[in-house]
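> To start, I am sharing the structure in question, which I have written as structure tokens.
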Amino acid sequence: MRCKFCKSRDVEVFLRQYGLALCRIDFLRFFEKRIRYAIDKFKMFDESDSVVVAVSGGKDSLAALYALSSMGYNVEGYFLDLGIEGSSDVARDKIIAFSKKFSIPVNIETLEEKLGYSLPEVGRVMRRPSCSFCGILKRYYMNNWARGKVLVTGHTMYDEATTLLANNLQWKLSYLARQYPVLPAEDGFAKKTKPLVFVTERETAMYCFFNEIEYVESSCPLSKGATSRKWKRHLLSMEHSTPGLIIRYLKGFYSAKKHISLPSVEEECVENCERCGYPTTAAGLCAVCRIKDRLTNLSK
Ligand SMILES: [Zn+2]
Ligand SMILES: [Zn+2]
């Protein structure tokens, strides 16, 4: 087998969904070209924008940060340390090492400093699973950091296809209406983009391996057995018997969206939180300020 592009016999990667054999150098080029294609196709950002990649310490977000930096974008990382022992600290160390090794700036904030509590403490004081606060808190601090910039998350093709399948199977029309790799800056939220939408996790792992990027392997210890993993397994077994199915499914949806009329998300009246100014649909205080008040009352 020879590399599709340079014809060398040093093939290191075979991408089944495209029937493509590649040498290392051409794989790295191909990977960055897929990212550039998504950025340009969906008008995510250009060289004049300030871009923030939300990093978790995992391969996808670190590959995104490294790739965007080497492609010449004006990019920095952002990591919110949730204070989960044996997980956040490990991720944090990897991220600091990454930042030093490649001279790519990463900003670190800790929930403990911002809120006065780590995520497990929030769960304990509120007597509810920590997971139920994780998304709200991460979105809040990420958005505050990225306001006026463009936010990048490391969602890959299978993440997006899994969300699409779940929304499809349950006919969540308003979720389908909002599912797109770029969401504009509106109501005080940062513009959100997913430039890894046309690459897979296997490709981000190889991209990290070839570039000697070290990352954390494990997912969050607090979220075991999420139903999305089940859908992902189903999708992957379909992809296995029909290579290329997932990318066609996803790309087909993005282009079909122009032609099907989905109910637009109900026009919610967005106001600014009276205390912190964060956009909220509830009157008065935003969800995070209400969490802060409850924490203060409960720990008295
Ligand atoms: Zn080659
Ligand atoms: Zn607030």
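> Structure shown: which of K33/K100; K59/K172; K41/K251 lie over 18 Å apart, alpha-carbon to alpha-carbon?
On the way: K33/K100 26 Å; K59/K172 30 Å; K41/K251 11 Å.
Too far apart for the 18 Å limit: K33/K100; K59/K172.
> If I take every Cα pair under 8 Å that is 6 or more residues apart in the stretch 1-159, average their sequence separation and divide by the length, what percent do I get for the relative contact order?
Working: 201 pairs, mean separation 33.1, N = 159.
So the answer I get is 21 percent.
> I'd like to know which of L22, C208, W145 lies farthest towards the positive end of the charge dipole of the chain, counting +1 on Cβ of Lys and Arg and -1 on Cβ of Asp and Glu.
The residue sitting most towards the positive pole is L22.
> Considering the convex hull of the alpha carbon atoms of the stretch 1-98, report its projected area averaged over all viewing directions, in nm², one decimal. Walk me through the numbers before you get to the answer.
Working: hull surface 32.7 nm².
If you wrap the Cα atoms of the stretch 1-98 in a convex hull and average its projections, you get 8.2 nm².
> Please check the chain for the longest run free of GluC sites (Glu not before Pro) that are loop-located per DSSP (anything but H, G, I, E, B) and have at most 10 other Cβ atoms within 10 Å.
Details: sites that count: E47, E85, E186, E212, E217, E266, E267, E268.
Here the longest segment lacking exposed loop sites spans 86-185.
> Per-residue counts of other Cβ atoms within 10 Å, averaged by peptide: what ranking do you get for 93-99, 247-253, highest first?
Working: 93-99: 17.6, 247-253: 16.0.
Ranking the peptides 93-99, 247-253 by packing returns 93-99, 247-253.
> Between the stretch 25-92 and the stretch 271-294, what's the alpha-carbon centroid distance in Å?
Between the Cα centre of the stretch 25-92 and that of the stretch 271-294, the gap is 30 Å.
> If I fit a long axis through the Cα atoms of helix 245-256 and take the longest principal axis of the Cα atoms of the chain, what angle between them do I get, 0 to 90°, rounded to 10?
Relative to the chain, helix 245-256 is tipped by roughly 60 degrees.
> Angle check, please: helix 157-169 long axis (alpha carbons) against the longest principal axis of the chain (alpha carbons), in degrees 0 to 90, nearest 10.
Helix 157-169 sits at roughly 70 degrees to that axis.
> Here is a follow-up. Could you state the angle between the C-alpha long axis of helix 201-210 and the longest principal axis of the C-alpha atoms of the chain, as a value from 0 to 90 degrees rounded to the nearest 10?
The angle comes out at about 70 degrees.
> Students often forget the sequence filter, so: which lysines lie under 24 Å Cα-Cα from K300 once same-chain residues fewer than 8 apart are removed?
Within reach: K114, K292.
> Return a whole-number percent for the relative contact order of the chain, with Cα pairs under 8 Å and 6 or more residues apart as the contact set. Don't skip to the end; give the middle numbers.
Details: 435 pairs, mean separation 59.8, N = 300.
Answer for the chain is 20 percent.
> Distance from a point 7 Å along Cα→Cβ of I108 to each backbone N in the stretch 45-89: keep the residues under 15 Å and list them by number.
55-58, 77-89
> Under the √(5λ) rule applied to the eigenvalues of the Cα gyration tensor, what semi-axes describe the equivalent ellipsoid of the stretch 182-300? Give them in Å, descending. Please list the in-between numbers first.
Working: eigenvalues 255, 116, 51 Å².
After scaling each eigenvalue by five and taking roots: 36, 24, 16 Å.
> Would you work out the relative contact order for the stretch 84-201, in percent, from Cα pairs under 8 angstrom that are 6 or more residues apart?
Working: 95 pairs, mean separation 26.4, N = 118.
Rounded, it is 22 percent for the stretch 84-201.
> Something else about it: Antiparallel DSSP bridges in the chain: what percent, to the nearest 5? Display every interim value, and only then the final one.
Details: 8 of 24 bridges.
In the chain, approximately 35 percent of DSSP beta bridges are antiparallel ones.
> By the scheme Lys and Arg +1, Asp and Glu -1, what is the net charge of all other residues having a beta-carbon under 12 Å from that of L285?
On the way: positive: R275, R290, K292, R294; negative: E271, E274, D293.
That works out to +1.
> Can you compute the modelled spin-label distance between E214 and K230, with each label point 7 Å from Cα toward Cβ, in nm?
Modelled inter-label distance: 3.8 nm.
> Give the aspartates and glutamates reachable from K232 as a straight Cα distance under 13 Å; neighbours fewer than 8 places away on the same chain don't count.
The qualifying aspartates and glutamates are D159, E160, E201.
> In the stretch 5-70, which trypsin sites (Lys or Arg not before Pro) fall in coil by DSSP and have 15 or fewer other Cβ atoms within 10 Å?
Working: sites: K7, R9, R16, R24, R29, K33, R34, R36, K41, K43, K59; in loops: K7, R9, R16, K43.
Sites meeting the loop and neighbour criteria: K7, R9, R16, K43.
Read-outs throughout are calculated quantities, based only on the coordinates presented, and are distinct from any laboratory measurement. Predicted model only: the values in this text are computed from it and were never measured. Methodologically, a virtual Cβ is constructed for each residue, glycine included, from the backbone with ideal geometry; neighbour enumeration extends over all protein chains shown.
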